[in-house]
Amino acid sequence: MFLAMRLGVLGAGHVGLPTGAALAHSGHDVWVSDIDTDRIDSLRQGVLPFQEQGLDALIQDGMDSGRLSFVPGLRDHVPGTDVVFICVGTPPRSSGEANLLALESSAAALAEQATGDLLVVEKSTVPLGSAERLRSVMKRHNPSVTFRVASNPEFLKEGNAVDDSLNPSRILVGADSERAHEIMRDVYRPLIERGVPYIEADLRTAELAKHASNAFLSLKISYMNAVARLCEKSGADVVKIAEVMGADARIAPQFLNAGLGYGGFCFPKDVAAFDRLSSRWGYDFPMLREITRINDEVIDVVVQKAEGALWNLEGKRIALLGMSFKPGTDDIRYAPALILAERLLNEGAAIVGYDPEAGDNVRAEHPRIEVEDDVYDAIAGAHCLVLCTEWPEFEYLDLDRAKATMKYPIVIDGRNQLDPERMRKYGFTYLPMGRPPVQP
Ligand code: UDX
């Protein structure tokens, strides 16, 4: 039987907002708080801090139903709340280790406000052992209250976070007491009854499973990028190889696309953090460093392709198509396109970029990049075009128009999105990743 509970969410970001809105959608009474009070004010007026498909509607529904609210501080909200989800950022330190300061201060702030039993759940991706740390911080700050902890890692993909929250592929809950597990089953009762796989584990297993999952997806991508390098040397085609491999259900077709590699705020930092935590726990895991090395190498490969085609990069104008870290988002954190842009700028090239959503973010953070709002304005006058992020609209580029305005008809396809035969037909020099090049 479903029992509506009072839930709290700390952190109104890419994880906290879809999580809070989805929990309210399932019938719970949810408050969301953030140390950034301007963000809370904007959310109260229906203004989201970033784009995420369907999130504005889900949040509006929650606010209209009275089940979702945004609160500027914790005072008065913690007492009476059954469960608080911590969804604060865990950005990387320069060592690669996750910075857990926000996690610790959230725990301290919660403990200071708590008056009765409280279950605190970590949703952010955190290193093994963090939940136990959380519990001891809370105990230290407020010894009179019983704090339970659970680990309930998110598996949200940006651009798909609403659907991933409403229809998760699985729910993982790690806890160290049967009472905490009981409470979490009550939280997720509507999804459990709909048949969503619900996996219970101990705390450390749940924490480790999240890092193991993300690193494995990164491994698939880097593996295919290494195969792509071999294809480039031997003349084989990595796209065909991915098709063959993906047809085997044990391998599965997803995340086998070679190209400019992975970016975003999860994979790069999670692989590094997993490596650091692994060695902290006494296990050297060099495979993780290899995943990162291969992902970094891809940028060199594209720079070499550009040099091969253009000879000197100084004074050349290079157009980058797609600058977000993947299609469907305006997020440019650790975007391969921008890592490439900085490299090319340092080699003396002029960079002009176009992205359907991320243009303003690039303008704000990368002043050396000229950003155009129209794809053909970006292409005009370029000596070379590099397709960096596979937005669907790039498949339908007017190639005649592009070729007529480019200085040289050279396209480097960093995502293997375009059809080589079509590129041949239109007379381009076409340089894909791990596939035979096309020369006119
Ligand atoms: C990822 C995980 O998928 C999600 O489960 C986790 O909770 C957070 O991290 P996200 O960062 O939103 O989600 O991105 P995702 O869709 O997984 O893509 C990551 C990167 O890998 C992108 O830069 C994408 O372009 C790249 N990628 C993906 C490839 O280079 N090749 C592929 O085959 C697939």
With touching a residue at least 24 places away in the same chain (Cβ under 8 Å), of a type in the set (A, V, I, L, M) and surrounded by fewer than 18 Cβ atoms within 10 Å (Cβ to Cβ) as the only criterion, which of Leu48, Leu68, Leu43 stands out? Leu48
For the stretch 91-119, give me each residue that is open to solvent by less than 20 Å² (accessible area, probe 1.4 Å) and touching a Leu at 6+ places or on another chain (Cβ under 6 Å). Ser106, Ala107
Test: Asn257 is closer than 20 Å to Trp391 by Cα and out of contact with any Leu (no Cβ under 9 Å at 6 or more places or on another chain): yes
Tyr334 versus (1) at pLDDT below 95; (2) open to solvent by 50 Å² or more (accessible area, probe 1.4 Å); (3) of a type in the set (Ser, Thr, Tyr): which is the lone unmet condition? (1)
With the requirement that a residue be in contact with a Ser or Thr (Cβ under 9 Å, 6 or more places away or on another chain), over 30 Å from Arg6 (Cα atoms) and of a type in the set (Val, Ile, Thr), what does the stretch 185-236 give you? none
If the Cβ limit is 9 Å and pairs must be 6+ apart or interchain, which residue in the stretch 137-160 that is free of Cβ contacts under 8 Å to residues at least 40 places away in the same chain pairs with which residue that is among the basic types (Lys, Arg)? Val145/Lys139; Phe147/Arg135; Phe147/Lys139; Arg148/Arg135; Arg148/Arg179; Lys157/Lys326
Only one of Phe216, Phe155 that is at pLDDT below 95 and surrounded by fewer than 21 Cβ atoms within 10 Å (Cβ to Cβ): Phe155
Selection count, the stretch 258-308, where residues are more than 17 Å from Ser95 (Cβ to Cβ), assigned to a helix (DSSP H, G or I) and within 12 Å of the ligand (Cβ to nearest atom): 5
Residue selected from the stretch 161-220 under the condition polar (S, T, N, Q) and farther than 23 Å from Ala131 by Cα, by the criterion farthest from the ligand (Cβ to nearest atom): Asn167
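The values are calculated or read from the model by the stated rules, or taken from the named source; none is laboratory data. Owing to the predicted nature of the structure, the values given are computational and were not obtained by experimental measurement. Positions of Cβ are generated from backbone atoms using ideal geometry, with glycine treated the same way; all protein chains shown enter the neighbour counts. Keep in mind that these areas ignore ligands, DNA and RNA; they rest on the heavy atoms of the full protein, side chains included. Shrake-Rupley method; radii C 1.70, N 1.55, O 1.52, S 1.80 Å.
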